[in-house]
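Some notes on the structure that comes next.
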Amino acid sequence: MPLLPIFLVVVYGLCLLFIVCFSAGQWQLTRLALQAYRQPPVPPPTAPAVWPHVTVQLPLYNEQNVVERVIDAAAALDYPPELLHIQVLDDSTDATVALAAERVAHHTARGLRLSHVRRPTREGYKAGALRHGLDETDSEFIAIFDADFMPSPDFLRRTLPYLVEDERVGVVQTRWGHLNQEESLLTRLQAFGLDAHFLIEQVGRTHAGFFINFNGTGGVWRRTCIADAGGWHTDTLTEDLDLSYRAQLRGWRFVYRPGIVAPAELPAVMDALKSQQFRWTKGAAETARKHLGTVWRSAQPLATKLQASFHLLNSSVYIVILLMALLSVPLVFVRQEYRQYKIVFQLASVFLVGFTPLIYYYYTAWRLAQPDRPLWRYPGFFLLFLSVSMGLALHNARAVTLGWLGQRTPFVRTPKAGAGAAAKRRYRTGGVGPLVLLEGLLAAYFAFGLAAGIYFGDVGLLPFHSLLTIGFAAVCYYSVRHAR
């Protein structure tokens, strides 16, 4: 076999091996999560005799569709008003400023303590706003909610006892709920993926004592933990993941409570979803670049180091998926030209069995999220989720690559529509750019690979090319449709 076909087969095989390892990691987390769920529930700590001072931080940037809702939700928290301070960290440049000021004045007149904090510049983006807010409060505990969240009134009373009871607990993180899960297919797919993270990954890692992450919102920090870990840094797009690792490497404990749910709004349009995905995947790569070496030089157990590496490298799977997808089309022709090496291709196909744990991982989350859903709906929904995830591979692989290269990019917040979106401002993160056109070309490229496989009677890569074609076509279609 000439060198080029060998190269294609070897690289494709290595990509499959990476996917197998990734899938195995998800299987381990599923096993650990199920162990945790089988244990008798631990009763929550008793309420403290004296409740502590708490500051609720609401970081905002141009959120006129939801700013009133989040301020009202924070003001409705069931907590002694003399112990509660609400900071509206408003970096906005549009009508959000006036709307926030009106709600702050309204609730201040009711006897609550609210501060409308305006910085001269947006330096450091969200991390900079959080850091600036800390300088203007002396509360020991800091709750954080993004603009799209609506915490329930009992949120603080249910989370703070964990921090008061144990001085080594640095964070209490709660599970995200979904305010608009049924709004569209796009929101249902996002809820499906997020449920897997919050019901499996976070639970499994917590149960085993591995590192978890504060999810940027819907949680409460101990101020001394933030300070001991070095404060909010602005050198990554995932300031939450960055601080989480620095704190846990310093020995702080994180508590995750999936039974406490903080409802939030899911991005309902593709450009908003892409901006969120870009920030998460690039930021994870930046954080991995920053902390992987420190993790392995630390005194943590080997299992913790391995799981932390798996955690930090999660977003890099998009590079592997994209590379494997691009190689798969010429591989159709290589398989026809070099039939004498059929055994090699058959061995490569064995690795597809490695996707089975991934099916189990998402199925477990599916059942935990809504146990009453009929089983027959899962296979098709999972395949659609997998397809759209593959369709985002180009966008996310670019983000991960920029993160690994250390290229700085601005913090682009995820636009929120709020209730009654038709009557409110439609924030956009960008129009139809070259990347969207390339996604459309890739859909045609994989459709060509699909047709070639059918023509040659080789069905080995047919499922893969079908998922890729549908996924890239769907992402391109929604990107164009929602940009109009």
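Each value in this text was obtained by applying a stated rule to the coordinates, not by laboratory testing. Note that the structure is predicted; figures quoted are calculated from it, not measured. Neighbour counts are summed over all protein chains in view; Cβ atoms, including those assigned to glycine, are modelled from backbone coordinates with ideal geometry.
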For the stretch 66-150, take the convex hull of the Cα atoms, compute a quarter of its surface area, and give me that in nm², please. 5.4
Rounded to whole Å and sorted largest first, what semi-axes of the equivalent ellipsoid does the C-alpha gyration tensor of the stretch 52-269 yield via the square root of 5 times each eigenvalue? 25, 21, 17
With T = 20 °C, eta = 1.002 mPa s and Kirkwood Rh from C-alpha pairs, the Stokes-Einstein D of the stretch 148-265 in µm²/s is about 144
Residue (of Thr234, Pro120, Val66) at the positive-pole extreme of the chain, dipole from beta-carbon charges: Thr234
Once you place label points 7 Å from the Cα toward the Cβ at His106 and Tyr338, how far apart are they in nm? 6.9
Alpha carbon convex hull of the stretch 185-252, projected area averaged over orientations, nm²: 5.3
Would you mind computing, in nm to one decimal, how far apart the modelled labels at Arg38 and Ala227 are, each placed 7 Å from Cα along Cα→Cβ? 4.5
Could you work out how much longer the chain between Ala299 and Thr46 gets when fully extended? Use 0.36 nm per residue separation minus the Cα distance between them, nm to one decimal. 87.7 nm
Percent RCO, i.e. relative contact order, over the stretch 26-135, from Cα pairs under 8 Å lying at least 6 residues apart: 26
Placing unit charges on C-beta atoms (Lys and Arg positive, Asp and Glu negative, everything else neutral), compute the dipole magnitude of the chain about its Cα centre in debye, rounded to 20. 860
Can you give the alpha-carbon Rg of the chain over 2.2 N^0.38 Å, where N counts its residues? 1.02
Please turn the phi angles of the stretch 6-11 into ³J(HN,Hα) values with the Karplus equation 6.51 cos²θ - 1.76 cosθ + 1.60 (θ = phi - 60°), one per residue in order, whole Hz, x for glycine and proline. 4, 4, 4, 5, 5, 5
Given H placed 1.01 Å from N in the peptide plane, which residues other than close sequence neighbours of Gly177 have an amide H under 5 Å from its amide H? Ala262, Ala264
